[in-house]
Structures are given as structure tokens and as C-alpha cells.
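A short worksheet on the structure shown next.
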């Protein structure tokens, strides 16, 4: 199964007590799970239930859940949603404050409407805990659709990561092929230079045992066989991680192996003696960087 992205969107709607409830869930990258609930006054009691539902389904990402409650059907298109007594009280208090502060501007309708939450009729009694079994399924449906979107995007990321792994493996093979040819040739060049240096300075007979030791030391410093072996192992391990991925929690594993890969590739670069190997090292670093950018969005 593909990896799970941390980016997605899901929404759901239902009708309850003549009101329309819309639930929207959006998620973006985040190193842990952070859920933020945005709810109107009538629905604030739902927040702990939303948090539990989200945490049961999501592993990583910053998730915003928005609950929007439409006006009652009998209030739509009319003034029945306004409590006249409270409206008059707001207008009166604003005029009193204006006069007390010696303000010159007149209180306008726009000023009064800015306090609409105070004078609009409150239907909160219809949406207490007794409505949980009706409202919560909409939240769950929106979260499930969010997960479907995250899976769909994760499938694309999975394909890209596998493509990069194939490219990385081919570069490792190419570096190894060059190394098999270059290693004995490099040793031969060093031996020739050392013998020539001894001859040029006229220091006498060369100590063959000491020469062998120096050549072994130089060869060991330039040997990248262990780095190649570990890099190939990390690539194989990453492939297994992608094979086993089904839900969430693999993003950190992928990032760990990519960090290990960049360490091995950097060491190869520092030991490289050929321009062709150096070019391949640069290409591998570029591939790993692309993979790290994509893995940052994996849950």
C-alpha cells in the first residue's frame, strides 16, 4: 500500500433540527499531530469529541476542523433570527457609551450589527450532548474523506520515491563499477610515484615492506567499498519501508534512512579520485535532496 501524505481536504454536510451542519477538515505538514477545532458557539461542546475522533484516525500533520452551522430554515430570508429586545438594548447601550465619551460620530446600524452574536436568537438548546449521535457521524465522514485524500496524494509520492530509489541504485552501481577499475589503477599510480620519488632523491634502495605498508594505507583511505555496501543496504531498506507502508508513521523512517544515505554519499565524495565519480556523487546528492523534500510530506 502507498505511503500517506500529510496534505489533504475532506468535507461533509448533514441536516439536523432544521439546521445545516458543514464540517471541513484540512491538513498540512507538521512534525507531530496538531488538531485545531473552529466551531460556532452552539457547537463548542463538540470540540473534545472532534479531537478524539481526529486523534484516533490521524498520526501526523496540522489539522484544522471547521464546524459551520447554518441558520434555521424558518429564519432564512427574514428577521425572525433577531431578538428585538436585545437589538434595542445593544443600540441603546452604544448610544449611551457614545454620549458618555463625548464622541461626535453617530451610532450606525453597522455598529449595532457588529454585536449580532448578542441579539441573534440562540438555538443552542437544540444542539447539546443529546445531539452527539446525530452530529458526530458528519465529523467522522469528513475525517474519513480527509484520509482518502491523503492516501491519494500519498500514492503519487510513493511512485516518485520509488523512481528516485531506482535512479539512486543505478548511480551506486555506476560508482562501484568505476571503483573496481580505478582502485588497482590508483594503487599502481601511487607506487610509480613513490618509486620515482625515491629514485629522484637518491636515498638508496627502497624498502619493499615499507612501500607495501604505505600503499595499503593509501588504498584504505581511498576505499569506498564499505560506503557502497551501506548505501545499497539503505536503498534496499527504503524499498522495504515503502512496501510495508499502509497508513501513517513511515515518514520519520524514510527521513532517517535518507540522512544515513547522505552521510555515505558525502564520504564517497571525499574519497573520490575520478571526475566521473564526483559527478555521480553530485547526482546522488541531488536525488536524495528531492526525496527528503517529498518525505517531509509523508505522515
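The values are calculated or read from the model by the stated rules, or taken from the named source; none is laboratory data. Computed from a prediction, not measured in an experiment: that's the story for all the values here. Backbone-built Cβ (ideal geometry, glycine too); neighbour counts: all protein chains shown.
Summary of computed values
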item	result
Matching residues in the range 268-299 - criterion: being more than 25 Å from the chain's Cα centre (by Cα) and outside any helix (DSSP H, G or I)	272, 273, 274
Residue in the range 236-244 that is farther than 30 Å from residue 147 by Cα and either out of contact with any helix residue (DSSP H, G or I) (no Cβ under 6 Å at 6 or more places or on another chain) or part of a loop (DSSP other than H, G, I, E, B) (or both) present	no
Number of positions in the range 23-52 that are touching a residue at least 60 places away in the same chain (Cβ under 8 Å) and over 21 Å from the mean Cα position of the chain (by Cα)	8
Test: residue in the range 212-223 that is modelled with pLDDT of 95 or more and in a helix (DSSP H, G or I)	no
Per-region count, the range 1-26, residues touching a helix residue (DSSP H, G or I) at 6+ places or on another chain (Cβ under 6 Å), part of a strand (DSSP E or B) and within 17 Å of residue 57 (Cα to Cα)	8
Output for the range 8-25, where each listed residue is within 17 Å of residue 149 (Cα to Cα) and crowded, with 19+ Cβ neighbours inside 10 Å	8, 10, 12, 23, 25
Hits in the range 218-234 (condition: surrounded by fewer than 11 Cβ atoms within 10 Å (Cβ to Cβ) and without any contact (Cβ under 8 Å) to a residue 12 or more places away in the chain)	220, 226
Residue that is surrounded by 13 or more Cβ atoms within 10 Å (Cβ to Cβ) and either free of Cβ contacts under 8 Å to residues at least 24 places away in the same chain or touching a strand residue (DSSP E or B) at 6+ places or on another chain (Cβ under 6 Å) (or both), where the choices are 237, 195	237
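Results for (1) assigned to a helix (DSSP H, G or I); (2) at pLDDT 95 or above, shown as yes or no for each residue.
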| site | (1), (2) |
| --- | --- |
| 31 | no, no |
| 38 | no, yes |
| 50 | yes, yes |
| 63 | no, yes |
